[in-house]
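Inspection log for the structure reproduced underneath, given as structure tokens.
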Amino acid sequence: REELVRVLHEDLGGARRFADLEGAPKVLVQDPNEFFAQAEAEYPNPPVWSGELYLELHRATYTSQARTKAGNRRSEHLLREAELWATTAALNVPGYAYPHAELDRLWKIVLLHQFHDILPGSSIAWVHRQAEETYGRVASELGALVDDAASSLAASGTGLSLLNTAPLPFRGVALLPEGTPVVADGAAGAQRLADGRVAVVAAVDAQAATPLDGSAGSAARVEVERRDGGFVLDNGVLRVVVDAEGLLPSVVDAATGRELVAAGRRANLLQLHTDFPNDWDAWDVDAHYRRQVTDLTAAESVELVDAGPLVATVRVVRAFGASRLEQLLVLRAGSDRLEVETEVDWHEREKMLKAAFPLDVHADRFSSEIQFGHVVRPTHTNTSWDAARFEVSAHRWVHVGEPGAGVVVANDSTYGHDVTRDAVGGGAGEPASTCTTVRLSLLRAPRVPDPEADQGTHRFTYAVAPAETPVQALRHGYELNLPLRAVAGSVSVPSVAATASGSALVESVRLADDGSGDVLLRVYEPSGARGASTLRLGFAAASVHVADLHGTALTGEGAEQLDVSADGEVQLALRPFQVLTLRVARA
């Protein structure tokens with residue numbers, strides 16, 4: 001606070017001096033709205049830049065201070081959970097008090113921590129220590145809000161229910177936390193894992209809750225075969241080969257017979273780079289870091305810890321430098337996604353840890369998720385501008401594809417990535433094929449401005465799956481970041497609002513801040529294609545108005561009221577990547 005006051009004092013003092021200083025441009029402090037109105041009047045048709053404004057010299061801010069990054073990601077999704085289930089309780093439980101003040105306070109805390117240099121990871125040490133403590137408190141408070149809403153929705157205090165916060169239905173095997181009191185070991189539809197977690201067969205609609213049926217069975221199984229010192233995991237959807245060093249020489253999509261891993265390469269290869277940027281340790285990564293790399297192939301142990309029928313898990317332990325790493329390679333029955341759960345006790349200095357997935361995909365560009373959509377970037381370095389984008393940001397997933405096939409690499413807390421391509425195979429008259437390599441930047445270890453940056457324990461999960469299009473990649477990002485939540489009691493409620501048809505997704509659900517009881521829905525088009533979608537409301541609605549980002553219904557020329565059918569359906573026609581806020585008044 002003292003530093004901020006000092007900077008403001010200096011800036012405002014300079015503005016006063018330059019208000020009318022001979023030989024210098026005149027400086028005027030004014031309301032931003034006034035400035036932009038004047039600027040638009042002076043220059044009514046400015047040139048428009050299409051695409052990404054890539055900021056060089058800040059490439060490391062996607063990765064530095066990984067625990068701060070993970071705290072931010074988890075807080076964003078917990079806020080979404082708390083708002084959804086508090087709204088669901090307000091609509092279904094007489095007397096439930098929607099926690100307006102608590103959510104407003106917690107939102108402001110999380111948004112404050114997105115200010116630089118906190119979220120970028122370029123603050124001094126005490127800032128990040130405080131941020132990590134704050135994120136822990138935020139998670140605890142938001143978890144309590146979700147539990148309170150769920151308990152108010154529970155028809156009884158017995159049994160267990162599953163809450164699906166994601167805007168897509170869940171069908172498959174869910175992993176519930178250690179200590180979950182679910183069913184006896186060996187019961188149909190459940191499996192207790194070696195680490196104490198419980199795998200259960202689950203089917204929950206989008207943004208809905210349903211009691212867990214502990215007697216439900218599953219025709220899907222995952223089988224394990226020992227081979228050449230490693231293992232083959234096969235669930236009929238994916239066939240994954242884990243070799244004796246704990247790497248993945250083969251991941252086959254059973255539906256198409258397509259191999260995801262490039263010939264002669266191995267996926268989930270951890271690579272350690274020397275990381276000495278020319279300037280600004282925590283801020284930047286220089287291209288020359290690639291010249292020094294160590295492939296972490298040696299494994300202390302590769303062992304099978306869960307052998308099905310619902311989940312197969314291979315544990316891989318590696319030691320390198322002063323650090324130690326443990327990974328769980330997890331394949332669920334019926335799932336098309338291999339998950340890599342990683343815990344690292346990290347004690348390297350000025351190093352960067354990456355996880356490489358060399359994929360058998362011919363792609364001259366790749367898609368990176370951003371909020372409410374994705375951006376497309378080249379895999380090549382045709383120009384100096386292309387070459388400068390050797391480290392890029394993505395939110396929950398990166399997708400690479402060619403006509404008819406593709407692969408998604410998803411994550412639960414990672415932002416830095418790089419995607420490259422090169423030729424593999426060939427020779428002796430045989431043509432070479434193209435390998436597209438997706439790498440996640442997992443950890444760094446800068447010394448400035450925090451000499452102890454990133455030292456200690458980190459936990460994160462990433463995954464690989466076949467996905468023909470970026471739209472198919474969405475599900476994996478949501479399921480990794482919004483897993484099913486188990487709560488005590490019998491909770492059976494439909495979705496407040498969900499897409500019945502079309503590509504539109506309901507990203508957030510909450511009550512209006514004015515205490516009216518109106519429901520605010522944020523809907524977006526994720527694929528980049530225009531089209532019609534049907535939104536189905538789970539409560540009686542009197543009216544639906546298009547609103548601004550604050551949730552205030554638009555007036556004047558922008559005013560629009562949408563029709564609601566007798567069964568609560570609203571027809572939407574969204575433009576590519578359009579974000580739409582709807583204000584729904586209850587009947």
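The values are calculated or read from the model by the stated rules, or taken from the named source; none is laboratory data. Note that the coordinates shown come from a computational prediction; the quantities given were computed from them, not determined experimentally. Glycine gets a Cβ as well: all are built from the backbone with ideal geometry, and neighbour counts include every protein chain shown. Keep in mind that these areas ignore ligands, DNA and RNA; they rest on the heavy atoms of the full protein, side chains included. Shrake-Rupley method; radii C 1.70, N 1.55, O 1.52, S 1.80 Å.
One residue stands out in the range 193-233 among those that are crowded, with 17+ Cβ neighbours inside 10 Å, of a type in the set (G, A, S) and over 28 Å from the mean Cα position of the chain (by Cα): the one that is modelled with the lowest pLDDT, namely S218.
For the range 402-414, filtering for residues that are crowded, with 24+ Cβ neighbours inside 10 Å and more than 15 Å from R475 (Cβ to Cβ) leaves 1.
Name the residue that is farthest from P120 (Cα to Cα), counting only residues in the range 273-301 that are of a type in the set (V, I, T) and part of a strand (DSSP E or B).
Step one: filter the range 273-301 for residues of a type in the set (V, I, T), giving 274, 285, 293-294, 297.
Those still in the list that are part of a strand (DSSP E or B) too: 274, 293-294.
Working: T274: 21, V293: 25, T294: 26 Å.
Here the answer is T294.
Looking only at residues in the range 156-173 that are not in a strand (DSSP E or B) and not polar (S, T, N, Q), which one is nearest to A82 (Cα to Cα)? Looking at the filtered set, the residue picked out is A166. Looking at the range 522-529, can you tell me whether even one residue there is among the polar types (S, T, N, Q), assigned to a loop (DSSP other than H, G, I, E, B) and surrounded by 12 or more Cβ atoms within 10 Å (Cβ to Cβ)? Yes, because at least one residue in the range 522-529 is among the polar types (S, T, N, Q), assigned to a loop (DSSP other than H, G, I, E, B) and surrounded by 12 or more Cβ atoms within 10 Å (Cβ to Cβ).
For the range 79-130, which residues satisfy the criterion of being closer than 18 Å to L163 by Cα, open to solvent by 10 Å² or more (accessible area, probe 1.4 Å), in a helix (DSSP H, G or I) and of a type outside the set (G, A, S)?
Narrowing the range 79-130 to residues closer than 18 Å to L163 by Cα: 79-93.
Add one more test, that the residue is open to solvent by 10 Å² or more (accessible area, probe 1.4 Å), and what stays is 80, 83, 90-93.
Still in the running and in a helix (DSSP H, G or I): 80, 83, 90-92.
Passing the criteria: R80, E83, L91, N92.
Among the residues of the range 356-408, those identified as in contact with a strand residue (DSSP E or B) (Cβ under 9 Å, 6 or more places away or on another chain) and among the hydroxyl-bearing types (S, T, Y) are S367, S368, T379, T381, S393.
Please verify whether E22 is open to solvent by 40 Å² or more (accessible area, probe 1.4 Å) and in a loop (DSSP other than H, G, I, E, B), treating the condition exactly as stated.
Yes.
Applying the set (1) over 28 Å from N164 (Cβ atoms); (2) among the aromatic types (F, W, Y); (3) part of a strand (DSSP E or B) to F460 leaves exactly one unmet item: (1).
Within the range 56-69, residues that are closer than 18 Å to D386 by Cα have Cβ atoms under 7 Å from residues that are outside any loop (DSSP other than H, G, I, E, B) and of a type outside the set (K, R) in these pairs: E56/A388, counting only partners at least 6 apart in sequence or on another chain. One residue stands out in the range 488-507 among those that are outside any loop (DSSP other than H, G, I, E, B) and buried (at least 21 other Cβ atoms within 10 Å of the Cβ): the one that is farthest from the chain's Cα centre (by Cα), namely V493. Looking only at residues in the range 171-192 that are open to solvent by 30 Å² or more (accessible area, probe 1.4 Å) and among the β-branched types (V, I, T), which one is modelled with the highest pLDDT? Checking each candidate, the answer is V182.
D567 falls short on exactly one of the conditions (1) of a type in the set (D, E); (2) at pLDDT 95 or above; (3) assigned to a loop (DSSP other than H, G, I, E, B), and that condition is (2).
Taking R389 as the residue in question, decide whether it is open to solvent by 10 Å² or more (accessible area, probe 1.4 Å), among the basic types (K, R) and either touching a His at 6+ places or on another chain (Cβ under 8 Å) or under 25 Å from E479 (Cα atoms) (or both).
Details: open to solvent by 10 Å² or more (accessible area, probe 1.4 Å): yes; among the basic types (K, R): yes; either touching a His at 6+ places or on another chain (Cβ under 8 Å) or under 25 Å from E479 (Cα atoms) (or both): no.
It is false that R389 is open to solvent by 10 Å² or more (accessible area, probe 1.4 Å), among the basic types (K, R) and either touching a His at 6+ places or on another chain (Cβ under 8 Å) or under 25 Å from E479 (Cα atoms) (or both).
When residues in the range 236-272 are screened for being part of a loop (DSSP other than H, G, I, E, B), under 24 Å from A423 (Cβ atoms) and open to solvent by 60 Å² or more (accessible area, probe 1.4 Å), 5 of them pass.
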